[in-house]
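Following: one structure in C-alpha cells, then a few remarks.
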Amino acid sequence: MPNIWIATFNNHKIKELKSMVPKEMTDIMLFSAKDLSFYSAPQEDGTSFLENAWIKAKAMKPLTPPTDWLIAEDSGIEVEALDGLPGIHSARYAGNSSSDMMNNDKLLKMLNFKSNGSRKARYFCQIVALGPKGQSFEASGECTGSIANGFSGSGGFGYDPIFIPNGFECSMAEISLKEKNKISHRKKAFTKFLSQLDS
Ligand code: IMP
C-alpha cells in the first residue's frame, strides 16, 4: 500500500483520517502538511468545496514524494435557514482568526435572527486525491442533522458541540470518534477514496 499525504495542518482532521484506515490497510502510512517544513497553506479563494480542495491538492502535491498519493479535503457545515452558510467559510465564519467557540457562537446568533428558520444542517466533505501516475480522483460525503439550541459535549472539533446528527439525541461532540466514524461526512468521502485505491 502507498504512502498518503494529507494537505492539512488541522490536528483534528489528521487524527480522524488516521483513525479511518481499516485494519486490513494498516500498511498505509499517513503523513500531513505538518511533516513538511517548507509548505505553507495556500489561500482558499475558491467558490466551492471542490475548488478549494483542488487548490490545496495542487499546492502540496509537488512538495511530496512523486511515488506517494496526496489527498486534500475541504469541508464545512451548511445550514438551511442561512442559505447554506457558513459553507466554505466554516473555518473563519466569525473572522480570520476566529476560534471554534466564536464560530459556533456566531452561527447560533445568526439562527436566532431567523426565529422560524429551519435548523436543518449538514456537514459536507470534498476530497481531491492525486496519484503517482497522474491519476486524479474526487469523492464527497455528507452527514445530515440539525443545529442545537446551545453547546454540549467536549469531543470532536469545530461545530460538533452544536450539531445533532440525524438519528441521535445528543451533539456530535458527545459521541465517541468510533461512533462519529460510522456517520461522518469525512469517513464517507475517505472510504470512497480508499476503495478506489484498492481497486
Ligand atoms: P477547512 O479546513 O477549510 O476545510 O475548514 C473546515 C471547517 O469546517 C473546520 O474548521 C470546522 O469549522 C468545519 N468542520 C469540518 N468538518 C467538521 C467536523 O467533522 N466537525 C465539526 N466541524 C467541522
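Laboratory data are not the source of any read-out in this text; all were calculated from the coordinates shown. Note that the coordinates shown come from a computational prediction; the quantities given were computed from them, not determined experimentally. Here the Cβ is made from the backbone with ideal geometry for all residues, glycine too, and neighbour counts use every protein chain on show.
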*Taking region 4-198 and dividing mean pair separation by its residue count, relative contact order in percent (alpha carbons under 8 Å, at least six apart)*: 18 percent
*Given charges at Cβ of Lys, Arg, Asp, Glu: region 4-198 dipole, positive-most of Met20, Gln126, Leu82*: Met20
*What residue among Lys188, Lys15, Lys56 shows peak mean-square fluctuation when the chain is described by a Gaussian network model with Cα springs under 10 Å?*
Lys15
_Whole-angstrom gap from region 131-188 to region 1-39, using each part's C-alpha centre_ = 18 Å
*Please quote Rg/Rh for region 19-127 to two decimal places, taking the Kirkwood radius as Rh and restricting both calculations to Cα atoms.*
1.06
*Amide H of Ile6: which non-local residues (sequence gap of 5 or more, or other chain) have their own amide H closer than 5 Å, using H built in the peptide plane?*
Phe31, Ser32, Ala33, Ile71
*Any idea what Rg and Dmax come out to for region 1-76 if you just take the C-alpha atoms, in Å?*
12.4, 37
*Pulled fully out, how much extra length does the chain show between Leu36 and Asp83, if you take 0.36 nm times their separation in residues and subtract their Cα-Cα distance?*
13.2 nm
*How much length is gained on full extension from Ala91 to Glu51, taking 0.36 nm per residue of separation minus their Cα-Cα distance?*
12.8 nm
*Rounded to two decimals, what ratio of Rg to Rh does region 67-151 give with C-alpha atoms and a Kirkwood Rh?*
1.11
*For region 1-61, with only Lys/Arg (+1) and Asp/Glu (-1) charged at the beta-carbon, what is the dipole magnitude about the Cα centre, in debye rounded to 20?*
120 debye
_Dimensionless Rg over Rh [the chain; C-alpha; Kirkwood]_ = 0.97
